[in-house]
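Colleague: The structure's right below; bear with me while I get my questions together.
The values are calculated or read from the model by the stated rules, or taken from the named source; none is laboratory data. Note that the structure is predicted; figures quoted are calculated from it, not measured. Backbone-built Cβ (ideal geometry, glycine too); neighbour counts: all protein chains shown. To get the accessible areas, we keep the full protein, side chains included, count just its heavy atoms, and leave off ligands, DNA and RNA. Shrake-Rupley method; radii C 1.70, N 1.55, O 1.52, S 1.80 Å.
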Amino acid sequence: MRTSCLINNYNYGHFVEEAVASALAQSHPPTEILIVDDGSTDDSVERLRRRYGSQPHVRIIEQANLEIRPQ
């Protein structure tokens, strides 16, 4: 059975690595981990690339910030 774990990220540099490590440490780790970065301006993406960039089951998806403003 394939499972996926989705982790959203926006300037969570101090926490996002721990979130990925937690997903990997599960008794049944997910087949893939998708991290969607919403245009972070901190070092989140660099931290993720450095620690998990060579792991094929961890994907970092970057996009521009999609700030939703009240109308």
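Colleague: Can you give the Kirkwood hydrodynamic radius of the chain from its Cα pairs, in Å with one decimal?
Modeller: 12.7 Å is the Kirkwood radius here.
Colleague: Determine the order of R47, R2, R59 by accessible area, beginning with the largest, at a probe radius of 1.4 Å.
Modeller: Numbers: R47 50, R2 175, R59 125 Å².
Putting R47, R2, R59 in descending order of accessible area: R2, R59, R47.
Colleague: Grab the other residues whose beta carbon is less than 11 angstrom from that of N9, score K and R as +1, D and E as -1, and report the net. Mind dumping the intermediate values first?
Modeller: Details: positive: R47; negative: E17, D37, D38, D42, E62.
So the environment of N9 carries a net charge of -4.
Colleague: Also, quick follow-up: Return the FRET efficiency for the residue pair L34, I68: r is the Cβ-Cβ distance, R0 is 22 Å, and the value is rounded to the nearest 0.05.
Modeller: Computed FRET efficiency for L34 and I68: 0.60.
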